[in-house]
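Only one structure is covered here, and it is reproduced in the block below.
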Amino acid sequence: MSDAGENTRTDVRDTVPTPSSSPPSTPTSSVALSMPENTNPNYVMLLSNINKAFDSLTVLTGSENWKMWYFHVNSALRVIRHQHFKSSGLHPGNTVKLACFTAITGKIDDKIMIHYIEELDAIELIKKLKQRFNPSSTVQESNELWKLFNLRKPVWEFDKLLDEAQDLWASIKKRDIDVSDQVFYSALVGIIPPHYHFVCSSYEATVDAAAATWDTTTAAEGEKPVYRAVDLIARLKKEFTNYCLSNARTYPSKKSDKKSSSTSQGSAQ
């Protein structure tokens, strides 16, 4: 009896691990940290739960509420990611991402969203909005406005000047849509070479005449005629085309001159 007890005690002692300076390893600890327990890979997040995460999000109207809007939209996305991962052990798929995108775009004023209607990803959309409303954008906008009002090119590159002016204005409007279109018109009038001043005068006279006879009670649908940069640019480009055609007949290109000179020299020889 005592022998059996002694053997039993010996067996137990033999199975006890010897102490070590480091804590025992836990091979499953890393898995437990990354993979939640009781997950369901077939979990489907309800659309109502996604929309609920964005309920407190106000409509983005501009730089005045951008910071808080950005904070709340990121908080909502974190909640959705956490809940989805906790329930499924997986990151949100395309269905959840699309639902988030729809919810976010519904919280953006149309006058802002109109510049991003081709964007289909929520994260990319937020990145672009951040670039637009970042304080450094205001400095860049001021620089572009200054450049717009000071554009200069030779008269034979007038078409390039008009194209560059339109590109600058599009860039400015994309970040700050509150800048009036009349600012662009004023800048355009200021950079037109004297050779084309008559085009501007003729256009403004036409608009003034139409505005003078415009009557809200008899006019067709539409607003009172005003100076519009896009209309003036169309007239300027048409005049520039006529200018190029006229000068092409009067002054042959250097390439044509060189070819004619070579032909004449060959005939003389």
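Readers should treat all values here as calculations from the given coordinates under stated rules, not as data from a laboratory. Only a predicted model underlies this, so the values are computations on that prediction, with no experimental measurement involved. Heads up, the Cβs are rebuilt from the backbone with ideal geometry, glycines too, and the neighbour counts pull from every protein chain shown.
Work through the residues other than Leu162 whose Cβ is under 12 Å from its Cβ and net out their charges, Lys, Arg +1 and Asp, Glu -1.
My count for the surroundings of Leu162 gives -1.
Quick one: of Lys130/Lys224; Lys128/Lys224; Lys67/Lys224; Lys173/Lys238, which pairs are farther than 29 Å apart, Cα to Cα?
In this structure, Lys130/Lys224; Lys128/Lys224; Lys67/Lys224 lie more than 29 Å apart at Cα.
Mind giving me the FRET efficiency for Lys128 and Ser186? R0 is 30 Å, r the Cβ-Cβ distance, nearest 0.05 is fine.
0.55
Amide H to amide H under 5 Å from Ile108: which residues, 5+ apart in sequence or cross-chain, H placed 1.01 Å off N in plane?
Counting only residues 5 or more places away or on other chains, the set is Leu60.
Counting Lys +1, Arg +1, Asp -1, Glu -1, what net charge surrounds Cys200 among other residues with beta carbon under 14 Å of its beta carbon?
Neighbourhood net charge equals 0.
Karplus couplings for segment 109-124 from phi (6.51 cos²θ - 1.76 cosθ + 1.60, θ = phi - 60°), rounded to Hz, Gly and Pro as x?
4, 4, 5, 8, 5, 4, 7, 10, 5, 8, 7, 10, 10, 4, 5, 5
Quick one: net charge around Leu232, please, counting Lys, Arg +1 and Asp, Glu -1 for every other residue with C-beta under 13 Å from its C-beta.
Its environment carries a net charge of 0.
For a protection proxy built on the mean count of beta-carbon atoms within 10 angstrom, sort 55-61, 187-193 highest first, please.
Result, highest mean Cβ count within 10 Å first: 187-193, 55-61.
Express in nm, to one decimal, how much length is gained between Asp215 and Ala170 on full extension, taking 0.36 nm for each residue of separation and deducting their alpha carbon distance.
Full-extension gain reported as 13.0 nm.
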